[in-house]
Structures are given as structure tokens and as C-alpha cells.
Amino acid sequence: MKNLNFFVMLFLVIACADDDAEKEIRMRISHYQQPVFFMGPYFNFVVQEEGQIGDDAWTTHGSIKDFDYEWGYTYDVIVKEEKIKNPPQDGSSIKTTLISVVSKDKVSEQTPFEIQLTWVYGDAGFETFVRGDLASGLNLIGVPIDCGDLCATLTQGINDKEPLTGVFHHQGNGLKLIELKHE
């Protein structure tokens, strides 16, 4: 009986320890973010983790607590991931917290990158991440866009509910649209 109680207790300790598991992860965070739509538009980080760092493949990642992100910089960071007990429905089951910034490197303002500007889903679903108008200026969920001679084409594509991707350069505290792709 003592042996059975010992094994039951050992099993419970291991099971509970696994549920409370924390792990430190090295992560590279890109100089730009991708917009996503989940109960409203917001940005996700574009990241590489651990062995993926330096590869061509990138994924997206939600919020990182205590991380002060600036567009135009690539970061190498150490984060802690913790499993959330009883996560909210349709929410993440992982909480990510910044431990340290290993490096923060400014990229050239001439470095091109692509950002999804609209999202077309299902038979009739459409979301745009572009806000504002030509008179007051356009922005990508609050980040100013200088669209130059592409403004009319961009707004027409949004009005026509087209799937659009923008090719950008960094420009001060905003983005410079240099090409518009109709996907």
C-alpha cells in the first residue's frame, strides 16, 4: 500500500510540475509586425525561435509582457513562456514575458518588407488593416503610411475588397509604401 501511495504521489507531482512548466526561449523579433484580426485588428510580432534563428522562415507571435518594441529594429531577446491555467476561451494558453534584450539593431530604412493590408476570408468576409482617408492620412492600425502616388490605388483596392499586400520601407515613425500587390 505504501508503494502504491508513493507512485500516486509521484505521478501527481510530475503531472502538476508539467502543467506549471516554464521555459526560457531565445527569440529574434523582426523590425516590422504583421497585422491580424481577432475580435479587432492588432499587431503580432514576426519572430524566429531558438534553432530557427537565422533561417528564412519566420512565424508570428502575440504579445510579450514588459517588451517595449520599436518599429525599424531587430531584437534578440530571452523570454519566459509559462502555461496559463484555465486560459480564456479562444485565448492563448501561453504567457510570454521578456527576461532580457540581448541585442537591438536598427535596420536600414531602405530594407523592403511586406505587410498584409487586407484580409479576405470565406465567401464574403473582408477586413482592412488600413485606417483613415486620403484627406486626413492613412495609417496601418495607428502607424502612419506615406503612400505617395499609390494612395488612390490603395483606397480603390480597399473599396473593391481586394486582397492587398504592401511592400514598405521604414520612414521615420511610419511606413513608406513602395509597391502594392494585388494577391
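Read-outs: derived from the displayed coordinates by stated rules, not from any lab. On a predicted model such as this, the values are computed, not experimentally measured, just so you know. Please note: Cβ atoms are built from the backbone with ideal geometry, for glycine as well, and neighbour counts cover all protein chains shown.
Summary table
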| quantity | calculated |
| --- | --- |
| Selection from S103, I84, Y32 lying farthest towards where the dipole of segment 21-106 points positive, charges on Cβ | I84 |
| Inverse mean reciprocal Cα-Cα distance (Kirkwood Rh) of segment 63-183, Å | 16.7 Å |
| Cα-based reach from K181 at 13 Å (exclusive), listing aspartates and glutamates while leaving out same-chain residues under 8 positions away | E114, E162 |
| Highest-MSF residue in the chain out of G122, G54, G40 [GNM, Cα springs under 10 Å] | G122 |
| Extension reserve of the R26-E50 stretch, reckoned as 0.36 nm per residue once the Cα distance is removed | 8.1 nm |
| Gaussian network model of the chain, Cα within-10 Å springs - most flexible of I84, I64, I115 | I84 |
| Computed over segment 21-106, Cα set: Rg, Dmax in Å | 13.0, 39 |
| Of V46, V102, V36, the one that fluctuates the most in a GNM where the chain has Cα springs shorter than 10 Å | V102 |
